[in-house]
């Protein structure tokens, strides 16, 4: 009496191994494709040197949502950062945000808490020019942001006041660089209608 495939463990083992190999190949291809999108300098994420340029946010009628637009030169803190300097500064800001647990109050890319403002596009917030620059006596957006980050207790505006995280000047500058760079990332329209009413 011959064994049917249904009763043969070797048949099922071979099928499981084949399916696993195929899935691993597909996973590898998808991972490589994702990395080309999410790596700095990829299709959705600008190089770190974007901090040397103007970052705008404009509605794209074809896509149906807002898209970051990297414009002409707009030097952060009045200096031009080469690729390595820009990477180091942005990385410092990211590490400060992680070590100070900013995600416990703020949201980044839709992840985090909603106790404090979403920071995904915070660099683009018109309040920096309209409210914070005059309040802090600053000439630039980044100067106002650094002053606020170092001494948030001096500039209370809401009932939910940001705690003093005891940031150094270098830490605060790193955070600002990270926030500027993050605002240039194509987040497929997230957060929706940032800074303006919905477009027709």
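One table, with the values for the structure above:
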read-out	value
Test: residue in the range 25-33 that is in a loop (DSSP other than H, G, I, E, B) and either assigned by TED's automatic domain parsing to the domain that holds residue 80 or modelled with pLDDT under 80 (or both)	no
Residue count for the range 163-184, restricted to those that are surrounded by 15 or more Cβ atoms within 10 Å (Cβ to Cβ) and assigned to a helix (DSSP H, G or I)	13
Residue match in the range 70-81 (condition: in a strand (DSSP E or B), surrounded by fewer than 17 Cβ atoms within 10 Å (Cβ to Cβ) and out of contact with any helix residue (DSSP H, G or I) (no Cβ under 8 Å at 6 or more places or on another chain))	yes
Condition check for residue 67: outside any loop (DSSP other than H, G, I, E, B), at pLDDT below 95 and over 24 Å from residue 192 (Cα atoms)	no
Residues that are surrounded by fewer than 20 Cβ atoms within 10 Å (Cβ to Cβ) and under 24 Å from the mean Cα position of the chain (by Cα), drawn from the range 148-158	150, 151, 152
Among residues of the range 148-162, those that are part of a helix (DSSP H, G or I) and either in contact (Cβ under 8 Å) with a residue 24 or more places away in the chain or over 17 Å from residue 100 (Cα atoms) (or both), counted	2
Residue 42 vs. criteria surrounded by 10 or more Cβ atoms within 10 Å (Cβ to Cβ) and either modelled with pLDDT of 95 or more or in a helix (DSSP H, G or I) (or both)	no
Counted residues, the range 119-131 - those being crowded, with 17+ Cβ neighbours inside 10 Å and over 19 Å from residue 74 (Cα atoms)	2
Single condition residue 164 does not satisfy, out of (1) over 23 Å from residue 95 (Cβ atoms); (2) in contact with a helix residue (DSSP H, G or I) (Cβ under 6 Å, 6 or more places away or on another chain)	(1)
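The values are calculated or read from the model by the stated rules, or taken from the named source; none is laboratory data. Note that the structure is a prediction, hence the values are computed from the model and not measured. Heads up, the Cβs are rebuilt from the backbone with ideal geometry, glycines too, and the neighbour counts pull from every protein chain shown.
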